[in-house]
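Some notes on the structure that comes next.
The values are calculated or read from the model by the stated rules, or taken from the named source; none is laboratory data. Bear in mind that the values here come from a model prediction, so they are computed numbers and not experimental data. Note that we place each Cβ from the backbone using ideal geometry, even for glycine, and neighbour counts take in every protein chain shown. These area figures cover heavy atoms from the full protein model, side chains too; ligands, DNA and RNA do not enter into them. Shrake-Rupley method; radii C 1.70, N 1.55, O 1.52, S 1.80 Å.
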Amino acid sequence: MGKLKSGFNSSRNKMKLKAIRKGQLRRTFCRNLELDHPYASNFRTTPDISNVIHEEVIDEDDINITPDTDEWRKGRRVIELGVLADNLDCKLCGLPLHLKHAVKINECGLGSILKIMCMNRNCNHLNNVPTGKRHGRIWDINSKVALAAIHIGLGEHQLNAFLSILNMPTVSHKMFDQRSKEVGEVLESLAEESMVEWTEKEKTLTKECGGDESITVCVDAGWQKRGSGRAYDSLTGHCSMIGSKSRKIIGYKWRSKTCRICEVASRKGKIPKIHQCRKKFGGSAKAMEPDMVIDLVREARLKG
């Protein structure tokens, strides 16, 4: 949340902004899932075993992980049934495992690992059972949720608000940022391939209509912050080039007047770390549109 502008700096607005910030931080960093709301009934559907004394369970590193019967049962989680079914066998003795023998759960964003004890008295191995697929050390579900957030235009706080209402684990800022960068690079490469493909189709359609390969296009630009008519102060802008025959995007450009990593380093008087800097424009927001159009036309001519 940004700072309150002068003229609106009342005590009521201050308290409202403070409550909003507190709620956002609580949703982001609170990892403990509570029992779900009793929508249908008020009576207890499971026996109360909170006073049961559990036997001590020690893992391979001699760490006491005495079972907490309620810990892994709380809330909702995303589970791939095929992956879970394929891993419900003891890694040592091969006997089937049961979910009710789970003693702990380790959450990694929306992915999770269940620690399930083998009940074979000659084994008693503590198995790590994943609830979903991974590519390398990255959970597929975390990459998918970042892709979904980009697709429907959700930010980190909106996504965590959505997950908390569903009583699901929230995602951290670091994880969401890393997965967004991972997905963003793939989206950019696919966009480049799509534009090359439709540029060739646009040339073919133009030639079939009796002309040469000199295509006709239309361009349109926009900003992420609406202009008032008197002031255009958006920090970012975008522009698309659309073919007149195919009506598909054959080029796009964007401009940004800021880079958070560079700003933080400058504020601290340090040299920015090596990163993919997004700052590529130093003029006014209104000057972004002609600059992007000229760049698109120049690039189209170079590509032929």
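Values as computed for the structure displayed
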item	result
Cα-based Rg / Dmax (Å) for the range 179-227	15.9, 47
Mean shadow area of the range 69-195 over all directions, Cα convex hull, nm²	9.3
Extension gain, LYS303 back to GLU188 (0.36 nm per residue minus Cα-Cα distance, nm)	39.6 nm
Distribution of pairwise C-alpha distances over the range 234-275, 10 Å bins, in %	24, 28, 23, 16, 8, 0
Loop sites in the range 131-176: trypsin sites (Lys or Arg not before Pro), DSSP, at most 11 other Cβ within 10 Å	ARG137
Sulfur and carbon atoms: percent of accessible area, the range 128-181 [1.4 Å]	61
Per residue value of the accessible surface for the range 112-185 (all protein chains in place, 1.4 Å probe), Å²	54
Equivalent ellipsoid, the range 90-161 (semi-axes from 5 times Cα gyration tensor eigenvalues, Å)	34, 12, 8
Where only alpha carbons of the range 172-275 are counted, the Rg and the Dmax (Å)	19.1, 61
For the range 214-304: accessible area per residue (Å², 1.4 Å)	72
